[in-house]
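The values are calculated or read from the model by the stated rules, or taken from the named source; none is laboratory data. What you see is a predicted model, and the numbers here were worked out from it, not measured in a lab. Don't worry about glycine lacking a Cβ; one is built from the backbone with ideal geometry, like all the others, and counts go over all protein chains shown.
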Amino acid sequence: MNKTIILLASLAVSFGANAGQRDFAKLDKDLDGQLSKEEFLHRIKAENIGKMTNVFVNRDKNKDGHLSVDEYTIKTKAK
Ligand SMILES: [Ca+2]
Ligand SMILES: [Ca+2]
């Protein structure tokens, strides 16, 4: 059953997903559909934390302290 759910979830993520949306899914560790600052900065090197914190704040358009998929992908260019 769990495999079915995971398969469906990954289909939903990959259906029409661009690179930014795939990145988002990888970063969203607790799968709540929002990126916390901790999740966003998880893979960022220490020397880039300050810069990326600014990126996070700039992308958080509704200032709720989390990035939605739309907020995350709005300035993310497809790789
Ligand atoms: Ca999350
Ligand atoms: Ca937000």
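Tabulated data for the structure shown
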| item | result |
| --- | --- |
| The range 66-79 - residue that is assigned to a loop (DSSP other than H, G, I, E, B) and surrounded by 12 or more Cβ atoms within 10 Å (Cβ to Cβ) and, of those, farthest from ligand 2 (Cβ to nearest atom) | 76 |
| Residue in the range 14-32 that is aromatic (Phe, Trp, Tyr), at pLDDT below 95 and part of a loop (DSSP other than H, G, I, E, B) present | yes |
| Leading residue by the ranking (farthest from residue 68 (Cα to Cα)) among those in the range 27-47 that are surrounded by 12 or more Cβ atoms within 10 Å (Cβ to Cβ) and away from ligand 2 (no atom under 16 Å from the Cβ) | 44 |
| Filtered residue count, the range 27-79, keeping only those that are within 16 Å of ligand 1 (Cβ to nearest atom) and of a type in the set (Val, Ile, Thr) | 3 |
